[in-house]
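The values are calculated or read from the model by the stated rules, or taken from the named source; none is laboratory data. The shown structure was predicted, so the numbers you read here are calculated from the model rather than taken from an experiment. Quick reminder, even Gly has a Cβ in these numbers, built from the backbone with ideal geometry, and neighbours come from all protein chains shown. The protein model used for the area step is the full one, side chains on, heavy atoms only, and it has no ligands, DNA or RNA in it. Shrake-Rupley method; radii C 1.70, N 1.55, O 1.52, S 1.80 Å.
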Amino acid sequence: MNVIFIGAPGSGKGTQSQMLQMHLGIVGISTGDALRSEVTNKSEIGILAKSYMDSGQLVPDNVVIDIIKNIIVKPNCNKGFILDGFPRNVNQALELEKMLESLSKKINKVVFFEVSDDILIKRISGRFSCKNCGAVYNHYFKPLKKEGYCDKCGKSEFEKRNDDNEQTVKKRLKVYYQSSFPLIEFYKKKNLLVKLDALKIAPLIFEHLLSSLNS
Ligand code: AMP
């Protein structure tokens, strides 16, 4: 099964992607994660992408399209994949169609994660993670049980993504409405779209996700 997740930053796509990867044994592909690892490695792509990412703008289409092209041809994607954060605009969606056609593959479902803006802003600007084990927390919704110490590994060093601050979040939401929102109409017309109420708690969203994928 090949699936696309569409939703604003902070709508929970990453969490649901991880759950679905485990459940179906398919690959999760996040362009955001791929770009962040390029930034960490200070590669040519990473250096180019960093300024766009830090200011909440989209990285140029050709860069992300090349990243996806290189991943999607790998044999581990044959059983299926989840695209999280790609496509982000209609041009990327059209390029994806061409790519899949050349590989004789197709998208089975496009899942749209619906959440209101005020919740999104808190979800993103409150997000931080443990530097040691990567456990993710939120000042508003999932605080540390013991202030200053990771619930999972007990270490006390935490980090925040550069673009997870309120100012950049507002910019990212604006970009999302301008560039990514038209994708909803695009995939609706193709009869591929299913909507999820992404305000619920993760296990309930996952239940709904599974039934939507089977419908
Ligand atoms: P994410 O982790 O999906 O929220 O992505 C973080 C940042 O990476 C975005 O704000 C963009 O700057 C960049 N990015 C991720 N995916 C794409 C994409 N498909 N097209 C352009 N830029 C992207």
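Counting only lysines at least 8 places from Lys42 when in the same chain, those with an alpha carbon closer than 20 Å to its own are Lys50, Lys131, Lys160. In region 1-104, a dipole from Cβ-located charges (positive for Lys and Arg, negative for Asp and Glu) runs towards its positive end, and of Ile6, Ile65, Gly28 it is Gly28 whose Cα lies farthest in that direction.
Between the C-alpha center of region 108-127 and that of region 140-174 there is a gap of 16 Å. Scalar couplings 3J(HN,Hα) for region 58-72, obtained by applying the Karplus form with A = 6.51, B = -1.76, C = 1.60 to θ = phi - 60°, are 6, 6, x, 3, 4, 5, 6, 5, 4, 4, 5, 4, 5, 7, 5 Hz; x denotes Gly and Pro. Applying the Kirkwood pairwise sum to the alpha-carbon positions of region 1-59 produces a hydrodynamic radius of 12.8 angstrom. Net charge in the neighbourhood of Gly14 (other residues with Cβ under 13 Å of its Cβ; Lys, Arg +1, Asp, Glu -1) is +2.
Filter the GluC sites (Glu not before Pro) in region 156-215 down to the DSSP loop ones having no more than 13 other Cβ atoms within 10 Å, then list what survives. If you can, show how the numbers build up before the last one.
Details: sites: Glu157, Glu159, Glu166, Glu185, Glu207; in loops: Glu157.
Sites meeting the loop and neighbour criteria: Glu157.
Across the chain, the mean sequence separation of Cα contacts (distance under 8 Å, 6 or more residues apart), normalised by length, yields a relative contact order of 30 percent.
If I stretch the segment between Cys77 and Leu94 completely, what's the gain in nm (0.36 nm per residue apart, minus their alpha carbon distance), one decimal?
On the way: separation 17, 0.36 × 17 = 6.12 nm, distance 1.98 nm.
Result: 4.1 nm gained on full extension.
Amide H contacts for Phe112 (H built 1.01 Å from N in the peptide plane; partners 5 or more residues away or on another chain; cut-off under 5 Å): Ile6, Val194, Lys195, Leu196. Helix 90-102 against the longest principal axis of the chain: what's the angle in degrees, Cα atoms only, rounded to the nearest 10? For 90-102 against the chain, the angle is about 60 degrees. Here region 115-215 has 51 percent of its accessible surface on carbon and sulfur atoms, given a 1.4 Å probe and all protein chains in place.
Over region 47-127, the Kirkwood radius and the radius of gyration, each from Cα atoms, give a ratio Rg/Rh of 1.02.
From the convex hull of the Cα coordinates of region 71-167, what is the mean projected area in square nanometres? Present the calculation step by step, with values, prior to reporting the outcome.
Numbers: hull surface 35.7 nm².
Average projection, Cα convex hull of region 71-167: 8.9 nm².
Per residue, how much accessible area does region 1-124 have with a 1.4 Å probe, in Å²?
On the way: 5830 Å² over 124 residues.
Per-residue value: 47 Å².
Its relative contact order, with pairs defined as Cα atoms under 8 Å and 6+ residues apart, puts region 73-168 at 20 percent.
For region 154-211, a/c is not less than 1.5, where a ≥ b ≥ c are the root eigenvalues of the C-alpha gyration tensor, and a/b does not top b/c. That puts it in the oblate class.
The calculated Kirkwood hydrodynamic radius for the chain is 18.0 Å, given to one decimal from all distinct C-alpha pairs. A simple spin-label model places pseudo-atoms 7 Å from Cα toward Cβ; at Asn162 and Glu114 they are separated by 3.6 nm. In the assembled protein chains, Asp84 presents an accessible area of approximately 20 Å² (probe radius 1.4 Å).
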